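Undergrad: Sharing a structure here in C-alpha cells format.
Just so you know, all these numbers are worked out from the coordinates, no wet-lab data involved. The structure presented is a predicted model; accordingly, all values stated were derived computationally and were not measured.
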Amino acid sequence: MGIAVLSMKDQLSFVLKVFFLSVVISLLIKYAGPFLFIPATSVNALIIVLFPTVMMAIALLWRFQAHKQN
C-alpha cells in the first residue's frame, strides 16, 4: 500500500472544491431549508443526527470489503 503524494496544485484544487461545496450546502440550508416541511419529532431528529455517521460507516465497510478482496 503506497502513500499518495499530492502536488500543491492538487491540494489547492481539493480544498477549493470542498470550500465551494460547503458554501453551496450552507446556502441551501439557509435559503431552501425553511421551505421544507419537516415535523419536529424525536425520530426526525435522530435521523438527521445519525444519518452522516451511518453513511460514513457504510462507506468505510464497503471500502474495507473491497480492500479485503484485493
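Undergrad: Expressed as an acute angle from 0 to 90° and rounded to the nearest 10, what is the orientation of the C-alpha long axis of helix 42-69 relative to the principal long axis of the chain?
TA: That works out to roughly 20 degrees.
Undergrad: For the chain, what class follows from the C-alpha gyration tensor (a ≥ b ≥ c being the square roots of its eigenvalues): rounded when a/c is under 1.5, otherwise prolate if a/b is larger than b/c, else oblate?
TA: oblate
Undergrad: Pull up the cross-link candidates among the lysines for LYS9, meaning alpha carbon to alpha carbon under 25 Å and not fewer than 8 places away within one chain.
TA: LYS17
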